[in-house]
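What follows draws every value from the coordinates through simple rules; no lab data is involved. The model shown is predicted, which means the values in this text are computed figures rather than measured ones. In this analysis, Cβ positions are derived from the backbone assuming ideal geometry, glycine residues included, and neighbour counts consider all displayed protein chains.
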Amino acid sequence: MLTGDQDKVRRINKSVVMNAIRLHAPISRARVANFTGLNRGTVSNIVNALIEDGLVSEDSQEESKIGRPGINLGLRRDGGAVIGLEVGVDFINIVLTNFVAETLWETVVETHPTTQSQTSIIGQIEQLIEQALSITNERHLRPLGVGIGLPGLINLRRGELVIAPNLNWKNVPLRLMLNQRFRLPIYIENEANLSALGEYYFGVARSCDNFIYVCSGIGLGGGIMINGNLFRGSHGYAGEIGHIQRDPQGEKCACGRIGCWETQVGPRAVLRRVKKDLQMHPNQFLLDACHGDFNNLTFNMVVKFSLEGNEICKQAIEDVAMYLGEGIADLVNIFNPELVVIGGAFILCKDILQPIVEKTVFSSAMRPSADSLRIAFSERGTDACAFGAIAVVLDDILREMTLN
Ligand SMILES: [Zn+2]
């Protein structure tokens with residue numbers, strides 16, 4: 001009979017082996033032993049148990065240097081299905097994947113938080129989850145859980161959205177509400193934290209344990225990864241980088257304060273700068289493109305025209321790139337990350353942003369902190385948050401499955 005301590009060690013080893021297979025599949029038993037530091041006999045026993053549980057499968061043969069072919073291990077594709085959602089300020093993105101995070105279905109729908117009630121938007125979330133569950137059912141897969149990223153401060157313990165300034169929502173017990181309808185594990189997290197996880201597990205930050213994710217949509221969010229763990233602070237509210245005050249004489253922020261970083265950067269700031277410039281330098285081309293009303297100008301139009309060489313549009317993006325770089329330099333001084341990942345709407349104007357952000361960061365940050373720093377753009381793009389939500393569910397479910 002195993003003692004309590006031996007049993008605990010066995011369960012932790014099982015979880016470690018499972019995660020090594022998930023992250024590095026296809027992988028042989030010998031390489032699992034290398035990655036985990038466990039001896040080969042222990043790895044073999046654990047792998048056999050995982051195969052018996054229906055969680056791991058043996059796949060194709062691996063070339064072996066010593067002539068004996070090894071057998072590759074991987075998670076079973078049909079081990080279950082996972083649902084990930086990003087609830088943005090004016091959209092919902094949902095992704096359904098199998099057990100190895102391959103997309104089975106995804107869609108994006110618009111929301112209108114200024115005219116639509118909270119109940120109606122939550123109704124849309126429920127309908128999308130229903131749709132994903134019916135596809136899961138058609139494919140005879142077992143639904144494992146739902147992860148949801150929201151643009152605000154989240155109380156993880158209670159599964160509650162505490163405040164989302166850009167949605168104008170407060171104290172929404174979303175996990176409880178969804179649990180009343182769906183008998184599934186529901187995970188609620190901040191969208192930027194999930195996007196950081198999405199890049200860590202499935203994108204540009206793979207195997208990078210110290211990085212900062214900066215994401216701009218209507219707001220500006222951040223996810224801080226320290227030693228392979230999201231830094232959440234004492235109550236889970238860390239990472240609100242968009243509300244660092246950078247201009248006390250600046251614009252009013254959605255949080256009610258003045259001159260937050262998110263008022264200086266992001267699509268709204270770009271549009272504001274273009275419109276201000278147009279008051280002094282009227283531009284017939286832009287006026288025609290907006291059908292005579294600059295209120296019709298969108299961020300996507302500004303990006304398109306700037307790439308085509310329109311000076312007013314290009315200047316606005318360049319100004320914002322500089323403010324973005326200055327804020328990132330401060331974060332680099334504080335956290336000394338290996339990598340800064342820029343995501344969200346910024347991806348659209350990567351070619352204009354990147355050289356200016358890099359120049360500003362490397363000239364503003366303290367040299368030793370920035371010496372080996374890389375600045376990269378999101379690889380997962382608009383799916384980063386939904387895939388982070390998938391990662392959270394898989395992480396927890398796999399731990400539960402292997403620890404029981
Ligand atoms: Zn603010």
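Relative protection proxy for 132-138, 352-358, from highest mean packing down: 352-358, 132-138 (other beta-carbon atoms within 10 angstrom).
To the nearest 0.05, how large is the calculated FRET efficiency for Asn296 and Asn39 if R₀ is 41 Å and r is the Cβ-Cβ distance? The value I calculate is 0.05.
With R₀ fixed at 22 Å, the C-beta to C-beta distance from Arg206 to Lys350 puts the FRET efficiency at about 0.70. Across the chain, the fraction of Cα-Cα pairs farther apart than 32 Å, rounded to a whole number, is 42%.
Exposure proxy for Tyr323, Tyr200, Tyr237: other Cβ atoms within 10 Å of each Cβ, ordered fewest to most, give Tyr237, Tyr323, Tyr200. Packing, taken as the mean count of other beta carbons within 10 Å per residue, orders the peptides 205-214, 50-59, 27-36 from highest to lowest as 205-214, 27-36, 50-59.
Taking packing as the residue-averaged number of other Cβ atoms within 10 angstrom, the listed peptides 369-380, 83-94, 148-159 run from highest to lowest as 83-94, 148-159, 369-380. Ordering Phe231, Phe299, Phe346 from the fewest to the most neighbouring beta carbons within 10 Å gives Phe231, Phe299, Phe346. Near Gly222, once Lys and Arg are set to +1 and Asp and Glu to -1 for all other residues with Cβ below 13 Å from its Cβ, the sum equals -4. Each Cα pair under 8 Å and six or more residues apart adds its separation to the average, and for the chain the resulting relative contact order is 16 percent. Within the straight-line cut-off of under 16 Å between alpha carbons, the aspartates and glutamates reachable from Lys275 are Glu251, Asp288, Asp293, Glu311, Glu318, Asp319, sequence neighbours fewer than 8 places apart in one chain being disregarded. Antiparallel versus total DSSP beta bridges in the chain: what percent is that, nearest 5? Among the beta bridges of the chain, antiparallel pairing accounts for roughly 65 percent.
Residue order for Lys304, Lys8, fewest other beta carbons within 10 angstrom first, comes to Lys8, Lys304. Taken as Cα centroids, the range 280-318 and the range 218-272 sit 26 Å apart, rounded to the nearest whole angstrom.
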